[in-house]
Each structure stands twice: as structure tokens, then as C-alpha cells.
Amino acid sequence: MTPPIALLENVDFAYRREQLVLDGVSLVVEPSTVTAITGPSGSGKSTALYLLGALLRPTAGRVVLGGQDISKASDAARARARSGDIGFLFQDGLLDTSMSVFENVLEGIRFAPDGVTRTARADARRLLDEFGLSSLASRRASGLSGGQGQRVALCRALLKAPTLLLADEPTGNLDDHTASVVINALLTHARHADKAVVIVTHDERVAAKCDRTVRIRALE
Amino acid sequence: MRPLQLLTESARQASRRPIGTVALMLTLATSTASILLLVGTAKATADKFAVEVEQPQFRTVTLRSKSPGAIDPATAARISALGGVSDELAVVSLTTASNAAFAGGGPSVGLYETLQRGLLTSSGRPINAGEVAMTPTASAQLGLVNGVGTLVDERGRQWAAVGLLDPDSDVASLGGGTVVGVTSERSPPALEYVSAVVDVGHDLRTTALWMTRLATDPTQVETDFNGQLDVVAGSAKSALSGSRRASARAMLAAAAGVVAFLSFALAAAQRRDVARRRALGAARSTIVGLLTLSASLSAATGVLLGTTVALVVLHQRASSPDATFVCATGVLCMLVAAVASIPGAMLGAVTEPARILRVP
């Protein structure tokens, strides 16, 4: 049996004391799958995603990544996990508008152990080409449209070929065509044997394309 | 992150917030320039003052006899051998001879013939033992004008006239007027006083104490030196040094405060940037390093700018602070800026990225 890529095990989380956002949530992320997390606003979908991405520590329970419990790992160890195995795709792209498109893509591996290598630069160019952004490579990210920005963010997330790609409302601000490009890229990424994608979405059409959907209920 | 990458990234980080970066740079430029100008000027004044008060006329100790025989030629010889004594003038009383030679007063003191080291006349020529120097009045009475080699016989003793003595010269101030040299003494005379010029770096009080101890009869001598001036010089030097230390401290404290404030403001303005980097794999320590280094780079540019301005201004004022002082000020300013930027950087790094990245 193939071990899961990540799992949440009976996880509680509260941003403030006695204001529980997640209560006993468990989730297994299997390899080669795309998991959609849906639920009403404020139900803790993004929080679950950030727990999987080692951006938050659970109040209780365990978060396991690649077989290792990262709930109590040091900040440096969690940062290493994010820089190597985890990729993020945010709703608003979260690009650095002072940088060029190409530099923004390279940001994906800036903090990785090997840093920006020649191979990584070649991969970044290939990705930009693949998503029809080659002509914009040297342009400042501040001049991009929402759709272009999200595709650049997708290139950035895919550059390090993360084991676990976490997308938070990746199509929330996109037109249908760009949304379809982004979702197809995520689905393609998850088809590799050792990869998985988790998408937080409100969009039922996006959820329908995923291998499984996990619904989170808001706490009373 | 590799050091070179961290440096490049820090420079880029600084360029992202031009207003904050320029404010930080200007703060450091102003502080460095102010410190260099204030302290540099005060230091130059103190140095000038120190050089002035270290002139020989301010560094003379005179051992004066209160009763005949309290200072003998051996005492003069011992004093001349004291460490730090560079010139010595031993003076013998010639009251009787002078009264006889010059009606209404005249030469009242003389140079003792074993005078060891060169004492210059106002024209710069050394006075040798056995030679006479005298005031214009005395010279006129003797019918001499810049005469050299003329001998005067007085009760079996001979005196040689050297020439005019400038009443304002060092010799005049030491001798209190005319000085006369003795060519032949049948018995070693009792000295009236011994004046010693003490080298810079040797304490006048200590030398005076030693001179008293070396006298034939220490209870019958008194010392006279510009101790007050020495004290004033010391106080002035310490006051100037204290004021420049206080100014430098105030400037550095003000710079540290402004840098700390700016780094807090910059960290707050860069929360999304920081959150993005954290999501992309930057550890807290990397963020602290990035923000601190970024502030330090701006500070370094400011320090260079301030130093250049200060050096140009000081050069125009014909004052040049020493290189060590300039470098030390620059390094100190940079260190203060780096340390002051750490709390802001830590605050920026400690913010949970998830709180900023969440889309409501």
C-alpha cells in the first residue's frame, strides 16, 4: 500500500483561544489524487489547507507530511518542507509586482535548498512557454491581468514540482478559459505517481473535476 | 539561502520600498555627518588646544631657593638627569656685581656656568656657559649694541656681553629680565633657582616633586610651575571630550530610534511580501536576516553618503579627522542601525502568514 502524501489526524485549530475553527478534522491525501475541500465561508477550509502546508500548527492532533509529523517540528524544518515538497497557489496569485514575470516564477525555488540553478531557469522558461507567457517574461508583474497573473503564479508553484500542491480558491477571480487552464494544469500535475493536489474551492464545477471532495461544516 | 543570494535579495527588498529606504538612508547620512562634524570639530579644537598648552613656556618647572645654599650645582646636575627634563637653566644670584656694574639696577641674576643643554637667545643662537645676555638698558649702560665678546671686569670676574635679549622671549620669562653668565667662579656658587623644561607626556607635578627632593635642603625650596594651566588644559580637554562623547551618544541614540521606528513601519508595510516568502519556504530566521540586511544596506549607503559630506565640509574647514576615527564612526553607525532594525525584522517575521494570506 502506498503511504499517503499528507494527512490531518484528528486536528483542532483555533486562531484565538476558545474560538475553535477546526474540531477533530481528519483528512488523508493519497498520491496521484486531486482533493477538493469545500464548505461555507468561515468553515476552516483555508485553515485546513494551511495546516497541510505547514504554515500553521494545529492546536491539537497531528499533521503528517511524507511520513513525518510536522506539527511539532521546528520553524526551520517546516520552512524546509515548504521550500521543497509543498507548492502554494493563492486566489490572487500573490506575485511580487516589483519583479519581472520570469523573476516571479523563479521565486518558487528561491528558498529551496539548491536555490536558483541553471536547470531551474530553463524549467521556468519552459513553463512560461507552456502557459503562453513567454512574451511577457521580462515584463513587470504589475502590468499583468488577473488571468495572466494567476498563470504566472501557477508556473511558480509548478517550478519545483512539489509533492503536494495546495491551491486556495485558485479560480476565484478568473474567467472560464483561464480557470480551465489552471484546473487542467493542477489535474495534470496530480497524475504523477508521487504527487497530489488539494484545492479549496467554492466552485462546484471545479470540485466535480476532482477525484474526491471533502466537505467541511462550519462549527456552531 | 546562500549568502550572496541573501545579499542580492536584501538589496532587492530595499529597492521595493524606496520611500522607507531613502528615509533610512537619510537618517544614517545625517547622523554620521553630524557625529563626524560635531566630534571632528571638537576634537580638532581639543587637539589644537593641547598642542598650544604643550609649548615649552607652559611646561617649565622652577625650583626656587628660599635661603642661600638650598640649591647647589650638584642639584642642578641631578635635575638635568631627571627623565623628561629636556632643557635646564641654572641661575646664580649676582646682586652685588650687578649693583656695582649698573647704577640703579641692572643684571640681577646670572647663568650658572655648568649650564648643560642649549638655551636659545631670541635670535635662536644658544647661550653658552660664561656668556652674557642683557637688556637694552644694560647694554646701553655698557655702551654695547649687539656686542659680542666684550669683556667686563668686575671685582676680579669677567663678563662677556652676548647681545640683546628680547624681554618677551622664553629666556626673559625664565630669568625675569637680564641673564648673566659667569666665566670663572672660585667656589661653586649657591643657585638662586633652577628652571627645567619638561617634555610632553611627563607630569609637571611629579617632576616638581622630584626636583624638591633633589634639592640640597628640600625644606628651603619651593617649586613654581604652570600647574593651573595644566589643570585648565586637562579640564578643557576632558570637557571637550565629554561633550563630544555626549553628542555622539545622543546622535546614535536618535539614529537608533528612527531606524527602529522605520524598520517597524517597513516590516508592517511588507507583511504580504513576508507572508508570500514564508509560504514559498523562507524560515523566520531567513526573513529576519533579509529585513535586517536590507536595512543595513540602506544604512551603509547612508553612512557612506554622510561620511563623504562630512569629510568635504571638514576639508573646507581645513580640519582632517584621522582615518581610524572616521572608520570607527561609520562602523558604529552601521552597527547601531543593524541592531536597531532587528526588532522590526523580528516582528515582521513572527507574523503568521496564514492570517495575511487568507482570502475572506
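The values are calculated or read from the model by the stated rules, or taken from the named source; none is laboratory data. Treat the numbers as computed from the prediction; the structure is a model and nothing was measured. Because the Cβ atoms are built from the backbone with ideal geometry, glycine has one as well, and the counts that use them run over all protein chains shown. Just the protein is used for accessible areas: all its heavy atoms, side chains included, with ligands, DNA and RNA removed. Shrake-Rupley method; radii C 1.70, N 1.55, O 1.52, S 1.80 Å.
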Note to self: When you scan region A:28-36, do you find a residue that is of a type outside the set (A, V, I, L, M) and within 12 Å of A:PRO58 (Cβ to Cβ), even just one?
What the structure shows: no
Note to self: Need the failing condition index for A:ARG125 against (1) free of Cβ contacts under 8 Å to residues at least 60 places away in the same chain; (2) closer than 24 Å to B:PRO3 by Cβ, just the number.
What the structure shows: (2)
Margin query: Just the residues that are at pLDDT 70 or above, assigned to a strand (DSSP E or B) and open to solvent by 40 Å² or more (accessible area, probe 1.4 Å), please, taken from region B:46-103.
Written below: B:ARG64
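Kindly state which strands (runs of 3 or more DSSP E) lie completely within region A:126-220 and contain at least 2 residues that are surrounded by fewer than 19 Cβ atoms within 10 Å (Cβ to Cβ) and either away from every other protein chain (no Cβ under 14 Å) or modelled with pLDDT of 90 or more (or both).
On the way: elements: A:164-168, A:196-200, A:212-215.
The qualifying strands (runs of 3 or more DSSP E) are A:212-215.
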Item checked: Checking B:VAL259 against (1) closer than 20 Å to A:LEU89 by Cα; (2) open to solvent by less than 50 Å² (accessible area, probe 1.4 Å); (3) more than 7 Å from chain A (Cβ to nearest Cβ), the condition it does not meet -> (1)
Notebook entry, point to check: Which one of these does B:ALA268 not meet: (1) open to solvent by 30 Å² or more (accessible area, probe 1.4 Å); (2) more than 14 Å from every other protein chain (Cβ to nearest Cβ); (3) touching a Ser or Thr at 6+ places or on another chain (Cβ under 7 Å)?
Noted result: (3)
Next item on the list: Sort out which residues of region B:302-360 are within 14 Å of chain A (Cβ to nearest Cβ), of a type outside the set (D, E, K, R), outside any loop (DSSP other than H, G, I, E, B) and open to solvent by 70 Å² or more (accessible area, probe 1.4 Å), and write them in order of number.
Entry: B:MET346, B:VAL350
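Being under 26 Å from A:ASP194 (Cβ atoms) and of a type outside the set (Ser, Thr, Tyr) is the filter here; which residues of region A:11-46 pass it?
A:VAL11, A:VAL25, A:LEU27, A:VAL28, A:VAL29, A:GLU30, A:PRO31, A:VAL34, A:ALA36, A:ILE37, A:LYS45
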Next item on the list: Please state which of the following conditions A:LEU49 fails to meet, knowing it meets all the rest: (1) more than 13 Å from chain B (Cβ to nearest Cβ); (2) out of contact with any helix residue (DSSP H, G or I) (no Cβ under 7 Å at 6 or more places or on another chain); (3) within 18 Å of A:VAL197 (Cβ to Cβ); (4) not charged (D, E, K, R).
Entry: (1)
Next item on the list: With a cut-off of at least 3 residues that are open to solvent by 20 Å² or more (accessible area, probe 1.4 Å) and not charged (D, E, K, R), name the strands (runs of 3 or more DSSP E) lying wholly within region A:1-119.
Entry: A:6-16, A:19-29, A:60-65
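Of a type in the set (A, V, I, L, M) and within 19 Å of A:LEU127 (Cβ to Cβ), is that true of A:LEU158? Talk me through it step by step, then tell me what you get.
Numbers: of a type in the set (A, V, I, L, M): yes; within 19 Å of A:LEU127 (Cβ to Cβ): yes.
For A:LEU158, the condition - of a type in the set (A, V, I, L, M) and within 19 Å of A:LEU127 (Cβ to Cβ) - is met.
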Margin query: All but one of (1) in a helix (DSSP H, G or I); (2) within 9 Å of chain B (Cβ to nearest Cβ) hold for A:ALA122; state the number of the condition that does not hold.
Written below: (2)
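Looking for whichever is farther than 16 Å from A:THR163 by Cα and not acidic (Asp, Glu) here; the options are A:GLY67, A:GLY84, A:GLY53, A:GLY42. Which one fits?
Numbers: A:GLY67 fails: farther than 16 Å from A:THR163 by Cα; A:GLY84 fails: farther than 16 Å from A:THR163 by Cα; A:GLY53 fails: farther than 16 Å from A:THR163 by Cα.
A:GLY42 is the lone residue from the list that is farther than 16 Å from A:THR163 by Cα and not acidic (Asp, Glu).
Just a yes or no: is a residue in region B:276-287 open to solvent by 20 Å² or more (accessible area, probe 1.4 Å), closer than 30 Å to A:ASP114 by Cβ, part of a helix (DSSP H, G or I) and hydrophobic (A, V, I, L, M, F, W, C)?
Here is the first cut: in region B:276-287, the ones open to solvent by 20 Å² or more (accessible area, probe 1.4 Å) are B:284-286.
Subset that is closer than 30 Å to A:ASP114 by Cβ: B:284-286.
Checking the rest, the ones that are also part of a helix (DSSP H, G or I) come to B:284-286.
Still in the list and also hydrophobic (A, V, I, L, M, F, W, C): none.
The answer is no, given that none of the residues of region B:276-287 is open to solvent by 20 Å² or more (accessible area, probe 1.4 Å), closer than 30 Å to A:ASP114 by Cβ, part of a helix (DSSP H, G or I) and hydrophobic (A, V, I, L, M, F, W, C).
Would you call B:ALA253 in a helix (DSSP H, G or I) and open to solvent by less than 60 Å² (accessible area, probe 1.4 Å)? First the steps, then the outcome.
Values: in a helix (DSSP H, G or I): yes; open to solvent by less than 60 Å² (accessible area, probe 1.4 Å): no.
Taking the combined requirement at face value, the residue does not satisfy it.
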Next item on the list: Just give me the residues in region A:155-176 being in contact (Cβ under 8 Å) with a residue 24 or more places away in the chain, farther than 24 Å from A:GLY67 by Cβ and out of contact with any strand residue (DSSP E or B) (no Cβ under 7 Å at 6 or more places or on another chain), in sequence order.
Entry: A:CYS155, A:ARG156, A:LEU159, A:THR171, A:GLY172, A:ASN173, A:LEU174, A:ASP175
